[in-house]
């Protein structure tokens, strides 16, 4: 649980401060992770899928307290995170290999590869001009844990680096607070209560 939680936090921080073969969707940087989910044949413990409307709403929620983080979040057009625990993650091995091969053929570059015992991490990205258009993270930790992430948009690595360098990337940000807001919105609650 420790490794996937750390990876999830890394991906969320990055996104906030920054069929057989899975198809690359028509939007630059977006990767369809559904075939990996099908290969797992299980319900993910965490299943997060946010598009530009929801991410834009989160950006506005943060704008007063942290305008830089809001600007970074506004540049993210989509975020997909799936975390599986206690399942046979080897079922997705061939699909993960296929997605890595397909992304490479489509111009994605391997940014990070880790092979440490039973832990395998692949981080791929695609750039266009000065922007990172997409990041895809595929993690297998042992035979029972898998994490799949895709973040896409117009991520400006220079601006994100400046925000991180000033130490303001996560200032006043609370993941618990954000999750509470999501639940409140799902329950029809509003910030403007009488």
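Values in this text are rule-based calculations from the coordinates and carry no lab data. Remember, it's a predicted structure, so these values are computed and weren't measured experimentally. Glycine gets a Cβ as well: all are built from the backbone with ideal geometry, and neighbour counts include every protein chain shown.
Numbers at a glance
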| item | result |
| --- | --- |
| Cubic angstrom per residue, convex hull over Cα atoms of region 79-146 | 78 |
| Relative packing of peptides 144-152, 58-66 - highest average C-beta neighbours within 10 Å first | 144-152, 58-66 |
| Pairwise FRET efficiency - residue 159 versus residue 112, Cβ, R0 = 25 Å, nearest 0.05 | 0.75 |
| Calculated P(r) of region 27-104 - Cα pairs past 21 Å, % | 44 |
| Burial ranking of peptide ranges 89-98, 112-121 (average Cβ count within 10 Å, highest at the top) | 89-98, 112-121 |
| Computed FRET value (nearest 0.05) for residue 94 with residue 65, which takes r as the C-beta separation and R₀ as 35 Å | 0.20 |
